[in-house]
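*Asks:* Please find one structure pasted underneath; my questions will follow.
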Amino acid sequence: MRILIAEDDLHSLDMSAKALEFRGHEVIGTTNGQDCLRIYHKNVLKSEKGKEPSLNSSFDAVILDYKMPKMDGKQVAKEILSINPDQRIIFVSAYVKDTLMESVKELNQVIELIQKPFEPDAL
């Protein structure tokens, strides 16, 4: 799988990336929401010369820390889902109840959620 992670805690980002890479997945990590969206746009909407943009190069999953600097996970998810409504998004958050309620309210759909702290095997 090809996985994009946005996590502002460098230790958590490194731990998650290593756990997923160990299982054979390709991982791209970012430390804030703006960089995550920039990479998502670059990878998903890139097109060859003369062709329409396509979702063929999309990520299998996007893992978002719910609270991040510059742009939080909810804002990032909203933007990604406006581009690709079928994108699999997983929030990681220590604030499970608030995260779930806000994501359903703002995004009009249920997003997968992993509670922090978590063991790498949870991914």
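*Asks:* Kindly express, to the nearest 10 degrees and within the range 0 to 90, the angle between helix 33-44's C-alpha long axis and the longest C-alpha principal axis of the chain.
*Replies:* Compared with the principal axis, the helix lies near 40 degrees.
*Asks:* Per residue, how much accessible area does the chain show when a 1.4 Å probe rolls over the protein heavy atoms, in square angstrom? List each step's numbers first, then the result.
*Replies:* Values: 7210 Å² over 123 residues.
For the chain, the solvent-accessible area averages 59 Å² per residue.
The values are calculated or read from the model by the stated rules, or taken from the named source; none is laboratory data. These numbers come from a predicted model, not from an experiment. For accessibility, only protein heavy atoms count, side chains too; no ligands or nucleic acids. Shrake-Rupley method; radii C 1.70, N 1.55, O 1.52, S 1.80 Å.
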